[in-house]
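Novice: What follows is a single structure, and I will ask about it in a moment.
The values are calculated or read from the model by the stated rules, or taken from the named source; none is laboratory data. None of the values given here were measured: they were computed from a predicted structure. Positions of Cβ are backbone-derived with ideal geometry, glycine not excepted, and every protein chain shown enters the neighbour counts.
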Amino acid sequence: MRNPPALPRRLSDVSVIAPIGTVLWLVGAVLLYIAHVTAARPLDIWFTTCVAGAALGAMGYGVFRWQRAAARRGSRTAQQGLH
């Protein structure tokens with residue numbers, strides 16, 4: 001059995017994928033909020049999910065950047081391989 005081919009770097013690089021995903025969650029939240037205002041409907045679970053996705057994506061990307069900076073400066077407690 002052969003191993004599947006590796007993903008291209010642009011599809012597996014966290015420093016590219018995480019911000020794009022976070023922005024997409026944020027765009028979804030904005031679109032749902034606009035739909036809420038124009039239709040005079042209550043906000044639902046879809047809006048809450050988009051806000052949570054954007055918040056968690058931003059926090060996760062922040063932790064990634066923090067660990068990457070620690071690895072670059074040679075901190076002993078930093079994760080390895082984030083250069």
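Novice: Kindly provide the set of residues from the range 29-64 that are among the aliphatic types (A, V, I, L, M) and over 17 Å from the mean Cα position of the chain (by Cα), ordered by number.
Specialist: 31, 32, 34, 35, 37, 39, 40, 43, 45
Novice: Within the range 13-31, which residues are modelled with pLDDT under 90 and loosely packed, with under 13 Cβ neighbours inside 10 Å?
Specialist: 13, 15, 16
Conditions tested, residue by residue: (1) touching a Cys at 6+ places or on another chain (Cβ under 6 Å); (2) closer than 22 Å to residue 14 by Cα; (3) among the aliphatic types (A, V, I, L, M).
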{"residue": "45", "(1), (2), (3)": "no, no, yes"}
{"residue": "51", "(1), (2), (3)": "no, yes, yes"}
{"residue": "59", "(1), (2), (3)": "no, yes, yes"}
{"residue": "64", "(1), (2), (3)": "no, yes, no"}
{"residue": "67", "(1), (2), (3)": "no, yes, no"}
{"residue": "72", "(1), (2), (3)": "no, yes, no"}
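Novice: Which condition number does residue 64 fail, the rest of (1) among the hydrophobic types (A, V, I, L, M, F, W, C); (2) at pLDDT 85 or above; (3) touching a Phe, Trp or Tyr at 6+ places or on another chain (Cβ under 6 Å) being met?
Specialist: Here residue 64 meets the rest and fails (3).
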